[in-house]
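Asks: Before we start, here is the structure in question, set down as structure tokens.
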Amino acid sequence: MSKNLVLVESPSKAKTINKYLGRDYHVEATVGHIRNLPKSKLGVDTEHNFEPQYMTIRGKGDLIKKIKSLASKSSKIFIATDPDREGEAIAQDIVDILTIPPNASVHRVLFNEITKNGVTKAMKAPRDVDGYLVSSQRARRVMDRIIGYKISPFLWKAIIETSGSSSLSAGRVQSIALKIICDREAEIEKFVTTEYWSLWAIFETDKGEKFKAKLFKVSDKELKLPPKPVMTEEEWKQFLVKHIAAGTEKEAAELFDRLKSKKDFIISNVTKKQTKRNPSAPFITSSLQAEASRRLRMRPKQTMLLAQKLYEGIDMGSEGTVGLITYMRTDSTRLSEDILSEARDYIKTTYGENYLPPTPNVYDKKKDIKVQDAHEAIRPTSLKYTPEFVKPFLDRSSYNLYELVWKRFVSSQMTQALLEVTVIEIQADEFIFKAYGTAVNFNGFMQVYEEILEATGKEDDKEEAKNETIPLGLEKDQKLKLDDLQKAQHFTKPPARFTESSLIKELESNGIGRPSTYSMIVSTIQDRKYVDMIERKLNPTILGKKVNEVLVKNFSDIIAVDFTARMEGELDLIAQGERDYVSVLNEFYSPFAEALKKVEDNIEKISCDLCGHEMIMKMGRFGKFLACSNYPDCKNIKSFKDIYQQNQEPEYTGETCEKCGSRTVFRNGKFGRFIGCEKYPECDYVKNITLDVKCPKCKDGDVVERKSKRNKLFYGCSKYPNCDFVAWYKPIPEPCPEGDSPYMEQRYSVKKGNYLRCPVCSAEVTKKEPEAEVEEDE
């Protein structure tokens, strides 16, 4: 009897699903995409409705033969690739390559969760491949290919003199991410630091209870920082009508001396306000990546790798293999009726009726951000699997991430927290201090979970004057004793550089990118050396700034936040069947082709220094190089590195030297890249650039990039020569899926492409790289 064929993307998912479906089914994995656009040419016919020319991915030929053979013997074929647009496109590719027997049928099924119940329900609700979703993915793919393929050559020509790299690239979304980082860096560079002072008092009640308060007003004028560092005389006059400044130590000292002479400090006002705090919505992709970064110090790629493992299935001993969370690429906060009912029963039983709201909490996404194909939020598949239950079966990193998902989901269905905010005003003649305190009257959802907010770097009077607790029973006209008086110097801070998670949040808030692309975007701009991550902050390199400058100067309408967001919206409309593939691409391509022609006419040519003819890009055995167009009469050639070394400029890090306060720069030394002081040799300050991986041998140093005597790249311990750890493959801060190593090694082979391998147990992880993401690099 013929078996039913089920096709999924991941081998580990295939193993889990096969256990649920039984012997009547054969489950096979495609291991991601099976077809792609060609690498050697554009592969899109812009003259004939943007017809893409797909080819079988190198190394997938044997797999396709196997799938065809299995399909020819099957009465039913179920395509269960991932439940998103990329998965839908893979499903269509499978349909296109198969020769379906006359008595066989093809169905599309969606596994939002890999559990017995989830798989069974999905198999009972098959549908056809969604042509609208496929068209949306194809349009994104073609758009990315055109931008990457057409713009990248101009980058090579325009930036050849400031870059030793021949692998420059532009991309529809990666270029926007780079622009956002460079725009923030420009704000930081032009920021003028302003000095200011604050005055504090510690007050004591007659019962010996103490609390802090901050000087708020003097003679009815608010103590406030000027709105900008440089103001005209008239602006100063206007500011001083309602405010008083303490911008220098002298001004602060004058106020301090006047306060020291005061004897009577009396509570002039007590304000109590009842407030409610709502729980946070269950996780979507971007919020999971952000919270995992803040709480667990996980990078987005690591978070998604672990989340994928939790989704695809964990061996739970006697329970068998179980998917512990729902699909992790989503921007929907929707929850199924089944899980809501289960959550309400759990909350009532575990915490009591006071923690259960009258009806389930519903969370709406912002209207201007499209929902990713009606997925659910990221949540546990069953509340049976508590963090304590699953802990023996998970490595530490996976457990921490699962516990985070669990707590966020459960708390999202609990009652509000009831808080009381108290504001105390203390007066001594013309001086008024303010103190703030918050008391929790009912903790509600905070019993389980409270979100950690991203630090903004901005000063906040209320936060500065906040007390953990304020003494009970404080009343108006009550006298207080001045226990201590302090003055503190501050400096205004520039806007904070983006972290990986805050960049993802910024992209999402602007409607740029989608859940399946976020982590790849931030990885691509780092892999291309456009951005360095220093102390978990994204710093644009000289190369990154130059690339951004060229793109903004020549393609300002294309490399713009509003254009990219609008295109994302158009792709969403295709997915909903409200726009069609050809018209959207026509609207994109016409202005793009115009801009491209202008740049082509104006771009500065690189001349041969021997005969004067134009130097053109060529591809050789060892990569791209420049050759004279007058060949064979002139055989002049140059490498990118030769030109780069003649025009190299200092690459500033944006940080200051810890020894002398000068600027720091990136340098290349005997053992690789490092950070040094611009005043060298007067100042010998140096700092290693780490990979965010602790040395596995000494546990004390960090793994850093180095170069051998033969200029070969390798990785060693920052504590060398005290520690002799060496690795030839780049360590990646992502744990082994088997829990045997805190990091993986980055590998590549023609057959497998890019993959990760554990240095201890040799476990391998082949990441699914959505086509639209990969194409950004071209």
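Asks: At q = 0.12 Å⁻¹, work out log10 I(q)/I(0) for the stretch 1-127 with the Debye formula, treating every Cα as an identical point scatterer and leaving solvent out; two decimals please.
Replies: Calculated log10 I(q)/I(0) at the listed q: -0.47.
Asks: For the full complex of protein chains and a 1.4 angstrom probe, list Arg127, Arg141, Arg566, Arg396 by accessible area with the highest value first.
Replies: Arg396, Arg566, Arg127, Arg141
Asks: By how many nm would the segment from Ser590 to Thr194 grow when fully extended, if each residue of separation counts as 0.36 nm and the alpha-carbon distance is taken off?
Replies: Length gained, Ser590 through Thr194: 137.8 nm.
Asks: Can you run phi through the Karplus equation (6.51, -1.76, 1.60; θ = phi - 60°) for the stretch 680-691 and list ³J(HN,Hα) in whole Hz, with x for Gly and Pro?
Replies: Karplus-based 3J(HN,Hα) across the stretch 680-691 equals 4, x, 4, 10, 9, 5, 9, 8, 6, 9, 9, 9 Hz.
Asks: Additional query: Grab the other residues whose beta carbon is less than 10 angstrom from that of Asp532, score K and R as +1, D and E as -1, and report the net.
Replies: Counting the neighbours of Asp532, the net charge comes to +2.
Asks: Excluding same-chain residues fewer than 8 positions from Lys730, which aspartates and glutamates have a Cα within less than 18 Å of its Cα?
Replies: The reachable aspartates and glutamates, counting only those whose Cα sits under 18 Å from Lys730, are Asp527, Asp532, Asp692, Asp702, Glu705, Asp740, Glu745, Glu764.
Asks: Report the full-extension gain for the segment Asp684 to Ser152: residue separation times 0.36 nm, less the Cα-Cα distance, to one decimal in nm.
Replies: 187.6 nm
Asks: While we're here: Arranged from highest to lowest average of other beta-carbon atoms within 10 Å per residue, in what order do the peptides 528-534, 440-446, 120-126 appear?
Replies: 528-534, 440-446, 120-126
Asks: May I pose another question? Through the Karplus equation 6.51 cos²θ - 1.76 cosθ + 1.60, θ set to phi - 60°, convert the phi angles of the stretch 98-108 into ³J(HN,Hα) values in whole Hz; use x for Gly and Pro.
Replies: Per-residue couplings from phi come out as 7, 9, 7, x, x, 9, 10, 9, 10, 9, 9 Hz.
Asks: Suppose each label sits 7 Å from its Cα in the direction of the beta carbon; what would the Asn467-Thr271 distance come out to in nanometres?
Replies: Placing both labels 7 Å along Cα→Cβ, they lie 1.7 nm apart.
Asks: Show me the ranking of peptides 430-436, 99-105, 317-323 by mean Cβ neighbours inside 10 Å, starting with the highest.
Replies: 430-436, 317-323, 99-105
Asks: In whole Å, what are the Cα extents of the stretch 244-399 along the three principal axes, biggest one first?
Replies: 75, 39, 38
Asks: How would the stretch 509-627 be classified by its alpha-carbon gyration tensor: rounded, prolate or oblate, with rounded meaning a/c under 1.5 and the a/b versus b/c comparison settling the rest?
Replies: Oblate is the answer for the stretch 509-627, as a/c is 1.5 or above yet b/c matches or exceeds a/b.
Asks: Within the stretch 331-365, which residues have the backbone N less than 13 Å from the label spot 7 Å out from Thr386 along Cα→beta-carbon, could you tell me?
Replies: Within reach of a label on Thr386, which here means backbone N under 13 Å from a point 7 Å along Cα→Cβ, the stretch 331-365 contributes 346-352.
Asks: Okay, next question. Out of all DSSP beta bridges with both ends in the stretch 1-142, state the antiparallel percent to the nearest 5.
Replies: Percentage antiparallel, nearest 5: 30.
Asks: Top to bottom by accessible area (1.4 Å), largest first, where do Thr438, Thr541, Thr386, Thr656 land?
Replies: Reading off the accessible areas and sorting them downward yields Thr656, Thr438, Thr386, Thr541.
Asks: When the solvent-accessible surface of protein heavy atoms is calculated with a 1.4 angstrom probe, in what order do Glu249, Glu734 fall, highest first?
Replies: Putting Glu249, Glu734 in descending order of accessible area: Glu249, Glu734.
Asks: Rounded to the nearest 0.05, what FRET efficiency do Ser749 and Lys65 have when you use their Cβ-Cβ distance and R0 = 25 Å?
Replies: Given R0 = 25 Å and the Cβ-Cβ separation, E is 0.80.
Asks: Shifting gears a bit: Suppose all protein chains stay in the model; what accessible area per residue would a 1.4 Å probe give for the stretch 200-343, in Å²?
Replies: The answer is 49 Å² per residue.
Asks: Quick one: Karplus J couplings for the stretch 173-180, per residue in order, coefficients 6.51, -1.76, 1.60, θ = phi - 60°, nearest Hz, x for Gly and Pro?
Replies: Whole-Hz 3J(HN,Hα) from phi for the stretch 173-180: 9, 4, 5, 5, 4, 5, 4, 4.
Asks: So, one more: Report the net charge of residues surrounding Asp580, where surrounding means a beta-carbon distance below 15 angstrom and charges are Lys +1, Arg +1, Asp -1, Glu -1.
Replies: Net charge around Asp580: -3.
Asks: With every protein chain present, what accessible area does Lys260 have (1.4 Å probe, heavy atoms only), rounded to the nearest 10 Å²?
Replies: 120
Asks: According to the square roots a ≥ b ≥ c of the eigenvalues of the Cα gyration tensor, what is the shape class of the stretch 476-577, taking rounded for a/c under 1.5, prolate for a/b larger than b/c otherwise, and oblate for the remainder?
Replies: Prolate, because a/c is 1.5 or more and a/b exceeds b/c.
Asks: Put a dot 7 Å past each Cα toward the Cβ at Arg566 and Glu222; how far apart are the dots in nm?
Replies: In this crude spin-label approximation the distance works out to 3.9 nm.
Asks: Please give the calculated 222 nm ellipticity per residue for the chain, where each DSSP H segment of at least 4 residues contributes -39500 (n - 2.57) and the sum is spread over every residue; nearest 500 deg cm²/dmol?
Replies: Theoretical 222 nm ellipticity from helices: -10500 deg cm²/dmol.
Asks: For a protection proxy built on the mean count of beta-carbon atoms within 10 angstrom, sort 353-362, 420-429 highest first, please.
Replies: In decreasing order of mean packing, 353-362, 420-429 become 420-429, 353-362.
Asks: At 7 Å along the Cα-to-beta-carbon direction for both Asp257 and Glu353, put a label point, then send me their distance in nm to one decimal.
Replies: Taking the two extended label points, one gets 6.7 nm.
Asks: For the stretch 81-232, take the alpha-carbon Rg, divide it by the Kirkwood Rh, and send me Rg/Rh.
Replies: Value, to two decimals: 1.31.
Asks: Using a 1.4 Å probe over the heavy atoms of the protein chains, calculate the carbon and sulfur portion of the accessible area of the chain as a whole percent.
Replies: 48
Asks: Using only alpha-carbon positions, what ratio does the radius of gyration of the chain give when scaled by 2.2 N^0.38 Å?
Replies: That ratio works out to 1.10.
Asks: Moving on. Quote to one decimal, in nm, the extra length available between Lys553 and Asp580 on full extension: 0.36 nm per residue of separation minus the C-alpha distance between them.
Replies: Between Lys553 and Asp580, full extension yields 6.6 nm more.
The values are calculated or read from the model by the stated rules, or taken from the named source; none is laboratory data. In this text, all values refer to a predicted model and were calculated from it rather than measured experimentally. Note: ideal-geometry Cβ built from the backbone for every residue, glycine included; neighbour counts use all protein chains shown. Ligands, DNA and RNA are stripped out before the accessible areas are found, and what is left, the full protein with its side chains, is counted by its heavy atoms. Shrake-Rupley method; radii C 1.70, N 1.55, O 1.52, S 1.80 Å.
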